[in-house]
Amino acid sequence: MSKALEAEISSFLNQYDKAFTSFDGKQIAELYCIPTITMRGDGSIHSFQSRDEIARFFQGVADTYRSEGGKSGTMHDLEVVPIGERSALATVTWKNLRADGSVARQWRQSYNVVRLAEGWRILAATFHLSAT
């Protein structure tokens, strides 16, 4: 993996985290492709065909994080694998932090990202599920 690609993806995911900490579904939705797909931590799979659908869904996610006391997020253990010249698989551990710095929620997630004219966008997002 090139350091340049890792830096680009890290910057994009920092932008994504900033959108999430705005708790604004519309800002989050701007960073997704249309259509897009996501598999959540509970194993549910969601497919979205419009920016409004994405915004409504992620507004609910952001509201849940806020109700848990989440104030900010941090990214850890980023791994980036190029998939051709304009796409990559990015895997990261996220930690949602409360105002006191304690962890409200932690998970590992992978993103299939694509470089479009407007920049990097998420095509698919997958939570890493545990065997139960």
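Among (1) buried (at least 17 other Cβ atoms within 10 Å of the Cβ); (2) in contact with a helix residue (DSSP H, G or I) (Cβ under 6 Å, 6 or more places away or on another chain), which single condition is Ser72 missing?
(1)
If Ala125 meets every condition in (1) within 17 Å of Ala19 (Cβ to Cβ); (2) hydrophobic (A, V, I, L, M, F, W, C); (3) in contact with an Asp or Glu (Cβ under 6 Å, 6 or more places away or on another chain) apart from one, which number is that one?
Only one criterion in (1) within 17 Å of Ala19 (Cβ to Cβ); (2) hydrophobic (A, V, I, L, M, F, W, C); (3) in contact with an Asp or Glu (Cβ under 6 Å, 6 or more places away or on another chain) is unmet by Ala125, namely (3).
Which residues, counting only those in the range 81-102, are over 19 Å from Leu129 (Cα atoms) and among the β-branched types (Val, Ile, Thr)? First the steps, then the outcome.
To start, the set of residues in the range 81-102 that are over 19 Å from Leu129 (Cα atoms) comprises 81-88, 97-102.
Across the range 81-102, the qualifying residues are Val81, Ile83.
How about the range 2-67: which helices (runs of 4 or more DSSP H) wholly inside it have at least 2 residues that are within 28 Å of Ala131 (Cα to Cα)?
Working: elements: 3-21, 25-29, 51-67.
Counting at least 2 such residues, we get 3-21, 51-67.
Among the residues of the range 120-132, count how many are closer than 18 Å to Ser11 by Cα and surrounded by fewer than 12 Cβ atoms within 10 Å (Cβ to Cβ).
Residues meeting the conditions: 0.
List the number of the failed condition for Ala62; all other conditions in (1) under 15 Å from the mean Cα position of the chain (by Cα); (2) under 13 Å from Ile122 (Cβ atoms) hold.
All conditions are met except number (2).
What are the residue pairs meeting all of these: first residue in the range 7-31, first residue farther than 15 Å from Thr91 by Cα and hydroxyl-bearing (Ser, Thr, Tyr), second residue crowded, with 17+ Cβ neighbours inside 10 Å and at pLDDT below 95, Cβ atoms under 7 Å, and 6 or more apart or on different chains?
Correct list of pairs: Thr21/Gly73.
Which residue pairs have Cβ atoms under 6 Å apart, sit 6 or more places apart or on different chains, and have a first residue in the range 87-111 that is buried (at least 16 other Cβ atoms within 10 Å of the Cβ) and part of a strand (DSSP E or B) and a second that is at pLDDT below 95 and acidic (Asp, Glu)?
Sorted first by the residue in the range 87-111, then by its partner, the pairs are Ala104/Glu68.
List every residue pair whose Cβ atoms sit under 7 Å apart, with the two residues 6 or more apart in sequence or on different chains, where the first one lies in the range 33-58 and is crowded, with 16+ Cβ neighbours inside 10 Å and the second, anywhere, is assigned to a helix (DSSP H, G or I) and not hydrophobic (A, V, I, L, M, F, W, C).
If the second residue must be assigned to a helix (DSSP H, G or I) and not hydrophobic (A, V, I, L, M, F, W, C), the pairs left are Ala55/Gly25; Ala55/Lys26; Phe58/Gly25.
The values are calculated or read from the model by the stated rules, or taken from the named source; none is laboratory data. Bear in mind the structure is a predicted one, so any value in this text is a computation, not a measurement. Here Cβ is always computed from backbone atoms with ideal geometry, including for glycine, and neighbour counts include all displayed protein chains.
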